[in-house]
Amino acid sequence: MGQDMSPPQGVTSLLDTDLYKLTMQCAVLKYFPDVYVAYGYTNRTPQMKLHRGAYKWLLEQMDKLAVIRVTAEEREWLRQKCPYLNDEYLAFLETFHLRPSEHIKIKFIPEEDTGSDDDAGDVEYMVEGLWLDTILYEIPLLALTSQAYFMFTDKDWDYENQEDKAYRKGCTLLRNGCVFSEFGSRRRRDYHTQDLVMKGLCRAAEEGKKQGWPGVLAGTSNVHFAMKYNTSAVGTVAHEWYMTIAAITDDYQNANELALSYWLGCFGEGVLGIALTDTFGTPAFLRAFSKPISVPNQKGGTNPSTTTYAQSYTGVRQDSGDPAFFIKMVRDFYDSQGITETKTVVFSDSLDIEHCLEYKTIAEEAGFKPTFGVGTFFTNDFINRSTGLKSKPLNIVIKIASANGSPAVKLSDNLGKNMGDSEKVQEVKKKLGYIEHEWEEGDESRRWTKKA
């Protein structure tokens, strides 16, 4: 694959994952250690097939996941840099390990079965087990699947200029005053690519300090790379938290409030304070966000407060739908609540430089502090050597499919990200008064490929 090649590296650390998987596992340990879940895999770019050779390589990587342990050095780093992870959880990590042979069912479905490693087809995953035991599979499975595709299917690329490309992107964002983080673990080309990207971004941050640029590299969502590059691990919570709590309670009218309440019960106010709004549509979330805080206590009851969730949380994350519409909606909401302090809006949906600058202007004009979680644009931005055209990234996801036998659904703020059992989706839409919104950029199957 060209110059600057390093031996392919899969996943060798349990911290090679997004921070919000650890924070959620910490909260699951406290409140939901006995919940049984199933995860499903979706390829939103189904025309992009893997080869049987990729499937065989993935089987080898599954076995390797079983031997990884969190080291004493990693636990100490978490203790110092992530103090919101409590002692009980850090003690849990001393003995925790993945058991893929128990939890993961993986199969290959070839389009034409000749028995050759070059047979193209689909890889399917099903992950089942206790939520506590299976929550950390998502990011490594996605990262490994992406790597497998580009090792065995699309091999017409190399690492040339990847570090410099990340450096230039970082410099542009910093010069333009953007506060941003690297969010690219799940769809990275491979480990080495993310390593090069982090080197480039850290170089840009140093240059930014020398030049006095107004932007800030806030860190990375990947805990391993945060530790390796002595930067901050960034993240709070994922849709999974809201989806699972809704599924096990089947109380969709109150699911957002329950999720917010348990989160504060685990971590306290003012900690990990960016709320994710769009699991069941942002309007339903904002109704819960306006309510007074009620946090579970050790006696099985709750401790009520006169402070609302919206007052307590430092801001919100926008991950689907039209950002301009979202900004207007949350601005109107905060105004209606009489909240005048400057709140943060984190943008994390398929960002590139153009979108960061556009959304920065929209958010600041509305009185928000914008920050950006940039993923695929950093860690899977390549050119095919033979054509000069963009090497298209996979668009793949792993989401909760059920919890304690009940289907889990996600409505989001645009149709392209709705997921789950179709009957349950319609039932929840009706319960919540969910209104569909069209957005011209909302087609998930074409989000990155259309720019080729």
Loop GluC sites (Glu not before Pro), the stretch 95-160 (other Cβ atoms within 10 Å of the site Cβ: 14 or fewer; DSSP):
Glu111, Glu112
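Tell me the relative contact order for the stretch 91-187 as a rounded percent, counting alpha carbon contacts under 8 Å between residues six or more apart.
Computed over the stretch 91-187, the figure is 22 percent.
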Can you tell me the FRET efficiency between Asp251 and Glu365 if r is taken as the Cβ-Cβ distance and R0 is 30 Å, rounded to the nearest 0.05?
0.20
Between Lys81 and Asn303, with labels modelled 7 Å along Cα→Cβ, what's the label distance in nm to one decimal, could you check?
3.0
So, in the stretch 271-384, how many Lys pairs have Cα atoms under 30 Å apart, if the pair is 8 or more places apart or on different chains?
11
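Using a 1.4 angstrom probe, figure out how much accessible area the chain has per residue, in square angstrom, rounded to the nearest whole.
40
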Carbon and sulfur together cover what percent of the accessible area of the chain at a 1.4 Å probe radius?
48
A correct Karplus calculation of ³J(HN,Hα) over the stretch 120-137, with 6.51 cos²θ - 1.76 cosθ + 1.60, θ = phi - 60°, whole Hz and x for Gly and Pro, returns 8, x, 10, 9, 10, 10, 9, 10, 9, x, 4, 3, 4, 8, 10, 5, 8, 6
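In whole percent, what relative contact order does the stretch 240-326 give with Cα contacts below 8 Å and a gap of six or more residues? Working shown, then result.
Values: 96 pairs, mean separation 25.3, N = 87.
Reported relative contact order: 29 percent.
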Expected 222 nm ellipticity per residue - DSSP helices of 4 or more, -39500 (n - 2.57), all of the chain, to 500
-12500 deg cm²/dmol
Per-pair calculated FRET efficiency, R0 = 60 Å: Lys209 and Lys291 via Cβ, rounded to 0.05
0.90
Go through the stretch 375-422 and name the trypsin sites (Lys or Arg not before Pro) that are in a DSSP coil and have 11 or fewer other Cβ atoms within 10 Å of their Cβ.
none
Got the relative contact order for the chain handy, in percent, Cα pairs under 8 Å and 6 or more residues apart?
20
Inter-probe distance in nm under a simple model that places probes 7 Å from Cα toward Cβ, at Ala72 and Phe325:
5.5
Spatially close lysines, pair count over the stretch 117-233: Cα under 20 Å, gap of eight or more or interchain
10
Non-local residues with an amide H under 5 Å from the amide H of Leu276, with H modelled 1.01 Å from N and Pro and chain starts lacking one, are Arg317
Accessible-area ranking of Arg69, Arg44, largest first, probe 1.4 Å
Arg69, Arg44
Along the stretch 114-119, what does the Karplus equation 6.51 cos²θ - 1.76 cosθ + 1.60 (θ = phi - 60°) give for ³J(HN,Hα), rounded to whole Hz, x for Gly and Pro?
9, x, 7, 5, 8, 4
Amide H to amide H, which residues 5 or more places from Gly219 or on other chains are under 5 Å from it, using H placed in the peptide plane?
Glu182
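The values are calculated or read from the model by the stated rules, or taken from the named source; none is laboratory data. Computed from a predicted model, the values in this text were never measured in an experiment. Every residue, glycine among them, receives a Cβ derived from its backbone with ideal geometry; neighbour counts consider all protein chains shown. For accessibility, only protein heavy atoms count, side chains too; no ligands or nucleic acids. Shrake-Rupley method; radii C 1.70, N 1.55, O 1.52, S 1.80 Å.
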